[in-house]
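Written out below as structure tokens is the structure these notes cover.
Derivation of every value follows stated rules applied to the coordinates shown; laboratory data play no part. Treat the numbers as computed from the prediction; the structure is a model and nothing was measured. Cβ placement follows ideal geometry from the backbone for every residue including glycine, while neighbour counts extend to all protein chains displayed.
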């Protein structure tokens, strides 16, 4: 579904057909699930990046403190 078509349905949903509303619902359902899945993947990626960064930072800080 095109975004403009979705906006049109949402703007005047009280006067749209059941078919239009069903199509909009299907699109929004899929969009919601795709967005949720993407956010979860990005959250796991961000957590992993932070853990690895902190691990390397701790090692670098230990090496610097042992030199002095």
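Taking the Cβ-Cβ separation of residue 62 and residue 40 as r and a Förster radius of 30 Å, what is the calculated FRET efficiency to the nearest 0.05? Plugging the Cβ-Cβ distance into 1/(1 + (r/R0)^6) gives 0.35.
Only DSSP H runs of four or more residues enter the estimate; each adds -39500 (n - 2.57), and after division by the residues of the chain the mean residue ellipticity at 222 nm equals -31500 deg cm²/dmol.
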